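The values are calculated or read from the model by the stated rules, or taken from the named source; none is laboratory data. Just so it is clear, the structure is predicted and the values come from calculations on it, not from any experiment. Heads up, the Cβs are rebuilt from the backbone with ideal geometry, glycines too, and the neighbour counts pull from every protein chain shown. Each accessible area value is taken on the protein alone, full model and side chains, heavy atoms only, with ligands, DNA and RNA left out. Shrake-Rupley method; radii C 1.70, N 1.55, O 1.52, S 1.80 Å.
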Amino acid sequence: DTAVSQTPKYLVTQMGNDKSIKCEQNLGHDTMYWYKQDSKKFLKIMFSYNNKELIINETVPNRFSPKSPDKAHLNLHINSLELGDSAVYFCASSQDSTGATGELFFGEGSRLTVL
Amino acid sequence: DAKTTQPPSMDCAEGRAANLPCNHSTISGNEYVYWYRQIHSQGPQYIIHGLKNNETNEMASLIITEDRKSSTLILPHATLRDTAVYYCIVRSHGANSKLTFGKGITLSVRP
């Protein structure tokens, strides 16, 4: 079983569309994250949720709206897609939000291409 | 902003030890040194972390200098599958702790 799974793995869409990426973790972790990796390969944190509550919200356009229906799921909805949104989006989870347990587990990524 | 500096790339021969350096001269007393790697087209993978003491696990060893201003990740017997981008990250523990990635170092293991 994949610990952190994301769907879809690939997404190609037109500018202006709305799309969602889903993430699920089966590790029993309390904290989940979304990271964005752009074409220059920089990995940047976007959001973090702990027990369904938003705890980290970096300077991300409000077209991006994360939703956590339960602590095992963290979805990312993007409205009015722009060319600059093209990237690989990684979901991750950790046991808690303090870092004391050390490790983040990452999914395999969802490659979004906006045409 | 990343608080670490790493060379952009290095290579090593398969079967030899790979020693990956990292500078973190502004590290605070409560910040840990973490290493992750990202193999092409995959999600980042945790390798190891430490505070002051040297650490070893099944993947690698982490050597932290006494002043904690630099560290070295050692892959004792590099294989072709170790070719990846390796990220050295400093991170404090506490509420809402963040893992912030820098540019990393690209390690190429040659046959």
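Please compute the Kirkwood hydrodynamic radius of chain A from all pairs of different C-alpha atoms, in Å with one decimal.
14.0
Enter the Cα centre distance for the pair the stretch B:45-74 and the stretch A:1-38, rounded to the nearest angstrom.
Value for the Cα centre distance between the two parts: 30 Å.
Sort by residue number and report every cysteine in chain B with no other cysteine beta carbon within a distance under 4.7 Å.
For chain B, the answer is B:12, because their Cβ atoms have no other cysteine Cβ under 4.7 Å.
Report the semi-axes of the equivalent ellipsoid for chain B in whole Å, largest first, where each axis is √(5λ) for an eigenvalue λ of the Cα gyration tensor.
They are 23, 15, 12 Å, listed from largest to smallest.
Within the stretch B:55-107, which GluC sites (Glu not before Pro) sit in a loop by DSSP and count at most 13 neighbouring Cβ atoms inside 10 Å?
Answer in residue order: B:58, B:66.
Using the per-residue mean of other Cβ atoms lying within 10 Å as a proxy for protection, in what order, highest first, do the peptides A:4-16, A:34-46 fall?
Result, highest mean Cβ count within 10 Å first: A:34-46, A:4-16.
What does the structure give for B:62-68 when I average, per residue, the other chain Cβ atoms found within 10 Å of the residue Cβ?
0
Kirkwood hydrodynamic radius, computed over distinct alpha-carbon pairs, for the protein assembly as shown: how many Å, to one decimal?
The answer is 18.2 Å.
Can you give the mean number of other chain Cβ atoms that lie within 10 Å of the Cβ atoms in peptide A:42-48?
Partner Cβ neighbours, averaged per residue: 4.
Looking at the stretch B:21-37, which residues lose a minimum of 10 Å² of accessible area between their chain alone and all protein chains in place, measuring with a 1.4 Å probe and not counting ligands or nucleic acids?
When all protein chains are present, B:34, B:36 each give up 10 Å² or more of accessible surface.
Test of understanding: what is the full-extension gain from residue B:23 to residue B:80, defined as 0.36 nm times their sequence separation minus their Cα-Cα distance?
18.0 nm
Could you work out, residue by residue across B:40-46, how many beta carbons of other chains sit within 10 Å of that residue's beta carbon, and then give the average as an integer?
The per-residue average across the peptide is 6.
Output the pairs from A:36/B:52; B:3/B:52; A:40/B:52; A:22/B:103; A:41/B:52 with a Cα-Cα distance over 21 Å in this structure; if there are none, say none.
Violating the 21 Å limit, Cα to Cα: A:36/B:52; A:40/B:52; A:22/B:103; A:41/B:52.
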